[in-house]
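This report refers to the structure that appears directly beneath it.
Just so it is clear, none of the values below were taken in a lab; they were calculated from the coordinates. On a predicted model such as this, the values are computed, not experimentally measured, just so you know. Cβ coordinates were reconstructed from backbone atoms using ideal geometry, including for glycine residues, and neighbour counts include every protein chain displayed.
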Amino acid sequence: MSTGKHRRGRFLALIPLALFLALAVLFYARLGAGDPSEVPSALIGKPVPDFRLDGIAGLDRDGMPVPGFAATDLAKGVFVVNVFASWCAPCRAEHPLLANIAKDRRISLLGLNYKDADDQALRFLNGLGNPYAAVAADRNGRVGIDWGVYGVPETFVVANGNIAAKLVGPLTPERISAELMPAVEKALSAQAAP
């Protein structure tokens, strides 16, 4: 009789271990196996949050101040909005690639300078070159929060005032060809469709 109680006691002792293992597998499948750069955004397909930001003080192109921009400026057309900061090492790494994106005349490349001092952002862009048609200075990070920015760099595709895609982390040639440009092409095709 004591052997039956002993077996039942062993069986009951294994239940918590089995539950723990099942939960560990579930958590791994949901969190650990995914790509951390694929952070879902609740804003995909929704209008860009309302904002208006000035440009970076002292940032000029051909003797003219580079303007900031507002949500209303994104209402018509396809835009790539790159969130960057001078203090961000991956932003420096991706910066040369942005110059190539800016050459595509079908889109407008805009910069959202996130939680940065104007003098630092100015030094960054003057030193590396300014690929952006406009640069908005989000000095306190409020607009970035409204856009769902987790950190820098992040890049958004905006089509006719709606957020069409979000890429978290630095752009690479592979990410540009596999993720960014397909999202841009899709947005351009949708815009061209009657």
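Structure above, values below:
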quantity: Viscosity 0.890 mPa s, temperature 25 °C, Stokes-Einstein D of region 52-192 from Kirkwood C-alpha radius, µm²/s; calculated: 165
quantity: Residue-wise HN-Hα coupling along region 97-111, computed from phi with Karplus coefficients 6.51, -1.76, 1.60 (Hz; x: Gly, Pro); calculated: 6, 5, 4, 5, 4, 5, 6, 6, 6, 7, 10, 10, 8, 10, x
quantity: Estimated vicinal HN-Hα couplings, Hz - region 142-156 in sequence order (Karplus 6.51, -1.76, 1.60; Gly, Pro = x); calculated: 4, 5, x, 4, 4, 7, x, 5, 8, x, 10, x, 9, 9, 10
quantity: Net charge, Lys186 excluded, C-beta distance under 13 Å - Lys, Arg +1, Asp, Glu -1; calculated: -1
quantity: Gain on full stretching of the segment that runs from Ser189 to Arg61 - 0.36 nm per residue minus C-alpha separation; calculated: 43.0 nm
